[in-house]
Amino acid sequence: MSKDLTEKEFKKLIQKHIDKIDFVRIVLDDESSISGFIVKFSDDFIMIEETYDFSMSGIKILPFERLKSIRHNKFNKVSKHIYSEENLIKFNYKIIDNTSLKNFESPFKSIKKTKFSLHC
């Protein structure tokens, strides 16, 4: 979690990015990063529609504790503009809405019920 924000402020920032459908870059505790659109989160997990080379590459669910920071700068805003103009922002709400992020087992159980493939 960002060193400059409290947990409450960090979660408020995440919700803002979800509400605005912001393109973000999430930096993890091992310094790796994931780019895409945050679509859902809980106290334990964050769900992001990952992107690669201007295409949606799938949904990732990450433990909330692995988040180091979230970046949303002018480059990310340009990326969102390109995704929007090319009509590339398409989320699978069947998976998003039906995936529980309550605890470690719940994402697996809820995704299994949707009959979609799960790659770990």
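Yes/no per residue for (1) open to solvent by less than 70 Å² (accessible area, probe 1.4 Å); (2) modelled with pLDDT under 90; (3) in a helix (DSSP H, G or I); (4) touching a Ser or Thr at 6+ places or on another chain (Cβ under 8 Å):
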position: Ile26; (1), (2), (3), (4): yes, no, no, yes
position: Ile34; (1), (2), (3), (4): yes, no, no, no
position: Glu50; (1), (2), (3), (4): yes, no, no, yes
position: Tyr83; (1), (2), (3), (4): yes, no, yes, yes
position: Ser100; (1), (2), (3), (4): yes, yes, no, yes
position: Lys112; (1), (2), (3), (4): no, yes, yes, no
position: Cys120; (1), (2), (3), (4): no, yes, no, no
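Selection of segment 56-79 for residues being open to solvent by 50 Å² or more (accessible area, probe 1.4 Å), part of a helix (DSSP H, G or I) and over 18 Å from Lys11 (Cα atoms) yields Lys74, Phe75, Lys77, Val78. Scanning segment 85-98 for residues that are of a type in the set (A, V, I, L, M) and closer than 21 Å to Leu13 by Cβ, which turns out modelled with the highest pLDDT? Filtering segment 85-98 for residues that are of a type in the set (A, V, I, L, M) and closer than 21 Å to Leu13 by Cβ, the one modelled with the highest pLDDT comes out as Ile89.
The selection criterion, being surrounded by fewer than 17 Cβ atoms within 10 Å (Cβ to Cβ), touching a residue at least 12 places away in the same chain (Cβ under 8 Å) and out of contact with any Leu (no Cβ under 6 Å at 6 or more places or on another chain), does not hold for Lys16.
The values are calculated or read from the model by the stated rules, or taken from the named source; none is laboratory data. Please read all numbers here as calculations on a predicted model, not as lab measurements. So basically every Cβ, Gly included, is an ideal-geometry build from the backbone, and we count neighbours across all protein chains shown. Heads up: the accessible areas ignore ligands, DNA and RNA and are worked out on the full protein's heavy atoms, side chains in. Shrake-Rupley method; radii C 1.70, N 1.55, O 1.52, S 1.80 Å.
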